[in-house]
Amino acid sequence: MTGFASLGSGSRGNGTLVEIGGELVLVDCGFTLKQAERRLQRLDVRPGDLSAILVTHEHSDHSSGVAALAHKYALPVFASYGTLKVCSQALTGTAFDSHGAFAIGGVVVRPVIVPHDAREPTQFVFEHNRVRIGVVSDLGQVTPFVTAQFSDCAGLMMESNYDRNMLMGGRYPESIKRRIAGNLGHLSNEQAAAFLGDIGHPELRVVVGHVSEQNNHPELLQEWFEPLRAKVRMLDFATQDEGASWVQIDDAGNSRGLFSEYVSQTAR
């Protein structure tokens, strides 16, 4: 199978599965060991079947569970030099050059440097037999480089973190508001929709995640993204508690998306 799924996505923990070229990779693990095992089981994945864990950056909602999962199941860990250095007390692994591709089995992994307030944050594009799956979140702005790297993907897990009016009118301290909305923070609904508008195409399958539970709302997401449904093959949303089910992509570029009932889950 070729495809991707979410263990859960939001400020309380993130993890994305990518299966491509016979390899099964977990991007980030911001959950406890027991939580990660339970979430993997929900997606019919045994932890020992993972080929590797890739870490995008050191923030705890992406990295806190990596060491425990990797240690228990003897999984290799890959992260940028900067990420491994700042996590040196808690995490060991193989450092990659964030400016160049590397291989996991027959899969080409292309790190993508993104603007975020971390030591050396990267996101990823996975490529095999001209099929490309991208994972991108935790960036404060969409640069031309980011747009170029994530164009022509067959599948994409992407961030739409906050609604600007909710954030600015909310209870967060002003310093946190500035951080989130800054160029090294996260993407607003407006920024994320513009990004998808630029890279969307009729064969793209998209799951939108890393949605703030305090500063966003399903109805607002629908307002921004519903007009883009006609531009892509499939559009779904990942939640913090339920993640998103497998989106399958075949070698010819066709897919089968499993709708996650995002609005009903989040509105409970």
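Nothing in this text is a laboratory measurement; each read-out follows from the coordinates by a stated rule. Please read all numbers here as calculations on a predicted model, not as lab measurements. Note that each Cβ is placed from the backbone with ideal geometry, even for glycine, and that neighbours are counted across all protein chains shown.
Residues with beta-carbon under 11 Å from that of Ser212, excluding Ser212: net charge, scoring Lys, Arg +1 and Asp, Glu -1? Net of charged neighbours comes to -2. Each of the peptides 219-231, 193-205, 122-134 was scored by the mean count of other Cβ atoms within 10 Å over its residues; in descending order, highest first, they stand as 122-134, 193-205, 219-231.
Shape class of the range 1-82 from the alpha-carbon gyration tensor: rounded, with the ratio a/c of largest to smallest axis under 1.5.
Kindly state, to the nearest 0.05, the FRET efficiency for Ser151 paired with Asp117, given R0 = 22 Å and r defined as their beta-carbon distance. It comes to 0.30.
Judged by the gyration tensor of its Cα atoms, with axes a ≥ b ≥ c, the range 2-266 is rounded; a/c sits under the 1.5 cut.
Sorting the segments 80-92, 45-57 by their mean number of nearby beta carbons within 10 angstrom, highest to lowest, gives 45-57, 80-92. Projecting the Cα atoms of Thr92, Pro227, Ala244 onto the dipole axis of the range 2-266, where Lys and Arg carry +1 and Asp and Glu carry -1 at the beta carbon, places Thr92 farthest toward the positive end. Treating r as the C-beta distance of Ala103 and Ala194 and R0 as 30 Å, the FRET efficiency rounds to 0.35.
The trypsin sites (Lys or Arg not before Pro) found in the range 152-184 that occupy coil by DSSP, while having at most 10 further C-beta atoms within 10 Å, are Arg171. Approximating the spin labels as points 7 Å out from Cα along Cα→Cβ, the Ser88-to-Asn129 distance works out to 4.3 nm.
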